[in-house]
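Below is one structure; the comments refer to it alone.
The values are calculated or read from the model by the stated rules, or taken from the named source; none is laboratory data. Computed from a predicted model, the values in this text were never measured in an experiment. Cβ atoms come from the backbone with ideal geometry, glycine included; neighbour counts cover every protein chain shown. Areas reflect the complete protein model, heavy atoms only, side chains present, ligands, DNA and RNA absent. Shrake-Rupley method; radii C 1.70, N 1.55, O 1.52, S 1.80 Å.
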Amino acid sequence: MTAASSGLDGVVVADTAISGVDGELGRLVIAGVEVEALAGSIDFAGAAARVLSAAGMQATAEELARELGAARERAWPIAERARAAGAFDTADGMDALRGGLALVHASGDDRADAVTAIGAAPVLVAAWHRARSGEPAIEPDPRVSHAADYLRMTLGAPTTDAATRALDAYLVTVIDHGLNASTFAARVVASTASDLVSAVVAGVGALKGPLHGGAPGPVLDMLDAIGAPARAEAWLVDELAAGRRIMGMGHRIYRVRDPRAAVLERALAGLSSPRLALARAVETAAAKILRERKPDRPLAANVEFYTAVLLDAVGLPRDQFAPTFAIGRVAGWCAHVLEQRAVGKLIRPASRYVGG
Ligand code: COA
């Protein structure tokens, strides 16, 4: 075990048909399709249907899109209850999502609960944002797509097709990613035969951390602090000298550039982003400096780097970046819960006692 290891690195605790990651080659396959081919060719409901079907739940894209519309409508009174209960009195959208999901009733029927949880997430996050902004929440519209409805409920106006397409590409790209920390957390809860909503709440808790899903907001802060490509190198050198990490760089699994970074960069093509050129310059400078500083540890851009630029370009505020990641990943968590149910075994890793 190296100092960098969590002790579980490389230990296989599940077989999965939902997604596979090859960190050496920089490859991500989601339910049988390379991420580069999936994102942009299918919307979020279509990708959610694929990952849930890979876990044994039969649903076509059209059926799931309809069911998710109905689930968003069902979540509307829950969002109001969450607001009234004070769950949205927080600056952290992940706390608001966790608090809102806590009010979602788990029926015990995993298929129904999966649709309920996936449908509730955007309604809760958008309602939290509106409450924080002092504006009334906007009721879901089951007739529009999941991504379009989320943007509409957040921004208060119908969005452009280009923004919806880009957000769909993002939600599809992050829908699942092997046994990452939040997925593992959700699977552990499912393995105890607890309910699906509890497993999803555990996933939210794990995703919140900046080492997992909480990095894109800080990436945008970094781009703002740098301001211009010419300042990138000096700023990054100072940051490292202060003992801080470069947000959006490095990954536990990938030893090359995260394939999702390229997918999101491509998805940005249809949007006008004031920050894209700067982001590319900062990435190039960061990769060069990190290569010099850590020649033995490849540290390249991860998914969060261009997540920040894309979510900013579609009009979402930066404190909504991590919860938006959760809105995509919740489908993956649900698929893993279903897959874990079929295994029917408690996940119980060991610890090594090193006390006296
Ligand atoms: N900037 C600077 N140095 C970094 C770095 C970064 N973004 N990521 C890793 N390193 C360095 C560490 O300081 C460590 O150096 P050391 O051996 O001299 O102490 C070495 O690389 C290994 O880091 P470690 O934390 O053990 O690797 P990990 O696999 O556990 O880390 C991440 C993976 C993602 C947690 C890490 O790369 C990171 O913190 N990145 C920034 C946050 C981020 O972008 N998170 C989103 C992930 S998708």
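A few remarks follow.
- Take 164-176, 276-288 and order them by the average number of nearby Cβ atoms within 10 Å per residue, most first; the result is 164-176, 276-288.
- Protection proxy ranking for 152-158, 183-189, using the average of other Cβ atoms within 10 Å per residue and placing the highest first: 183-189, 152-158.
- Taking all pairs of distinct alpha-carbon atoms in the chain, Kirkwood radius in angstrom: 20.6 Å
- Accessible surface of the chain, 1.4 Å probe: 54 percent of it comes from carbon and sulfur atoms.
- Nearby lysines by direct alpha-carbon distance to LYS208 (threshold 28 angstrom, same-chain neighbours under 8 apart not counted): LYS294, LYS345
- Ordering of 13-23, 196-206 by burial proxy (mean other Cβ atoms within 10 Å per residue, highest first): 196-206, 13-23
- Assigned charges on the beta-carbon of Lys, Arg, Asp, Glu; region 103-216 dipole about Cα centre (debye): 280 debye
- Neighbour net charge for THR16 - beta-carbon separation under 15 angstrom, K R +1, D E -1: +1
- Sequence-distant aspartates and glutamates (8 or more away, or on other chains) whose Cα lies within less than 12 Å of LYS288: GLU233
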